[in-house]
1. Given the criterion within 30 Å of A270 (Cα to Cα) and polar (S, T, N, Q), identify the matching residue among S354, S404.
2. Got a sec? Which of E437, E395, E442 is of a type outside the set (A, V, I, L, M, F, W, C), in a helix (DSSP H, G or I) and at pLDDT below 90?
3. Here is a check on your reading of the model: is F263 surrounded by 15 or more Cβ atoms within 10 Å (Cβ to Cβ) and on the phi < 0 side of the Ramachandran plot?
4. Tell me whether segment 67-78 contains one or more residues that are crowded, with 19+ Cβ neighbours inside 10 Å, in the same structural domain as L247 (by TED's automatic domain parsing) and of a type in the set (V, I, T).
5. Would you say W229 is surrounded by fewer than 17 Cβ atoms within 10 Å (Cβ to Cβ) and without any contact (Cβ under 8 Å) to a residue 24 or more places away in the chain?
6. From the residues in segment 350-374 that are of a type in the set (G, A, S) and part of a helix (DSSP H, G or I), which one is surrounded by the most Cβ atoms within 10 Å (Cβ to Cβ)?
7. Can you list the helices (runs of 4 or more DSSP H) lying wholly within segment 102-191 that have 1 or more residues being touching a helix residue (DSSP H, G or I) at 6+ places or on another chain (Cβ under 8 Å) and either surrounded by fewer than 18 Cβ atoms within 10 Å (Cβ to Cβ) or among the charged types (D, E, K, R) (or both)?
8. How about segment 54-65: which of its residues are in contact (Cβ under 8 Å) with a residue 24 or more places away in the chain and crowded, with 18+ Cβ neighbours inside 10 Å?
Amino acid sequence: MKATRNPLLLGALVLVVAAFFSAGFHHWDEHFQILEFAGWKLGLSPASDLPWEFDARLRPALQPAIVVALHRFMALFGTPDPFLLNTLLRLAMATLSWVGAVLLLRGQLRDNPTLHDERLRNWYTFLAFFLWFFVYHAVRFSSEGFSAALFVIAYAAYVHPAKPLRPLQLLGIGLLLGLAFVARYQVGFMIAGLLGWSLFVARHAWQRVAWVAVGALCSVGLGVLLDRWFYGEWTLTLWTYFEQNLLAGKAASFGTEPWWEYFTEVFNRAVPPFSLLFLLPPMLFMAMRRRDPLTWVVLPFLLVHILIGHKEIRFLFPLIAFLPPLAIGGLSLVRDRWWPEMLERRATRIAAKSFVWVHIPLLLVIMLKPADADAGLYRTLYRNYPQAIKLLHNEEHPYHRVASINFLRRPGLQLVQQVEGKWPSDARYLWVSRTSEVPPSEAGSARLVYSSFPEWVTRFNVGGWVDRTDRWYVWELRRSE
C-alpha cells in the first residue's frame, strides 16, 4: 500500500490543478440546469430566461440547492463571486472523485489477486488517477460527475469493506446511493445492479440490503422536499423526467443514433488505437466474469443507454471510474487464460510506454485549459467592470448560448445591440465582436481588454484553424474630452 502513496498524492495534485483551470462547463446542462436554476432562486436569473426543463419541473433541485447554500454562505463575507463559487464546486468535486478513486483502488488491491502483480498495479494506478478524461470529468459539478463520485464511494465502501459493515454504515452507504440517484436518475440502473449482485450473487442477508435501501429512500425523500422548496409546489421530478423524455419523446427530439454509436464514439474520442483498451478488455471482462459486481453494475447501465435512441457520450461519464478495473481485469484474463507471457513481451512494454507518452500531453492540456472557451471573457468582464457599463454588440453576443447567461454577469452590465451609425454618448462603454476590427474612430479611442487568445497565436494559423475558430474581442471605448 505504501508504494501507491506517492501516485495518490500526485493524482490529488493533478485534480486540484484541473479544478482551478478547468473553468466553464462541458455541456449546456451543467450551467443552465444547475447554476441558472440556482440563480433564479437567488434572484439573479429571471424565469423567462431558463430552459424548458424549468417550466416542466423536470430538473431535481439537489445540485441547485447546493449552489444556493454556498452562494448564501459566501454572501456572509461580501458579494459572492460566481467564479470563486465555481472553483469551490470544482474543488469539492475533485475531492469526492479522488476519495472514490482511492477507495476503489484500495478495495481492488485488497480483494483482487490480479493486482498483486506490480506491473498491473502500476497500470491500474495510472488509469485511475491520470487518465485525461477521468481528470476532466472528475472536476465537473455536472449531474453525471456528482452522481458518479457519490456512487463510486458508496460502491467501494459496500463491495470492498475493510471490516464488516455495521447498520449505520450501511445506512450511510444507502444515503450516498440515494443522493447519486437524485442527482441523475439513470444511476438507478447501477444501484439496482449493485443490490441485485448483493442479493443473488454475494448472498448477503436481506437485512444488509434493507439498511441500504432505507438510506437510499431517505435521500429520495430529501430530494422530494428540496424540489418542494425549490419550485414552491409539490412535484415528482422523477416521473416528470420519465414522462417528458421517454413517453413524450422529448429526448428523441434532440436526435437519435444507432445502437453502436457509443462504441464508435469511445473509439474515436479516447485516442485510437489506444482507445481499444477501453473497449475490448472491458467487454471481455464482463463476458467472462458475469458474477463480478463490476459486471452487475456496469452492464445494465450500458445496455439501457444503448437501447435509448438519443445518445451523448457524456451519458456514459458515470462509468469512467470503473474503466481501470474493467480494463486491467480484461487484460489479466488474457494473460491467465491465453497468453501467459503477455506482460514479458517487448511489444507490450512498448505499447504501455507509448500510451503514457501520448497521454501525458493530453493530460497537461486538460489540466490547464478551460472547459469552456468563453470562461475567460465572463470572468474578465465580471471582475474588471464592477460598476454599471454598457456592452455594445451586433446581432450576436457572448451572454446567449442557447439560453441567456445571467449567473456569470453583473446586473450592471447592460447588453445593448448596436444600431448602425449610432453610438452611445456614454463617456465609457464596451464593444464586443467576433472580428478584430476596431469600431469607427468617431466612437472614441479603443483599448483591447479581452481576446479569446493572444494575437501572437494567429501567426501559427496552420491549416487555417484560426479562421475556423470562434473567438471574441472586447474593447473599452472612451470618448475624448
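The values are calculated or read from the model by the stated rules, or taken from the named source; none is laboratory data. Please read all numbers here as calculations on a predicted model, not as lab measurements. So basically every Cβ, Gly included, is an ideal-geometry build from the backbone, and we count neighbours across all protein chains shown.
1. The conditions single out S354.
2. The unique qualifying residue is E442.
3. no
4. Yes, some residue in segment 67-78 is crowded, with 19+ Cβ neighbours inside 10 Å, in the same structural domain as L247 (by TED's automatic domain parsing) and of a type in the set (V, I, T).
5. Here the answer is no, as W229 does not meet what is asked.
6. Among them, the one singled out is A352.
7. 118-130, 143-159, 167-183
8. If the condition is that a residue be in contact (Cβ under 8 Å) with a residue 24 or more places away in the chain and crowded, with 18+ Cβ neighbours inside 10 Å, then R57, L58, R59, P60, A61, L62, Q63, P64, A65 are the ones that fit.
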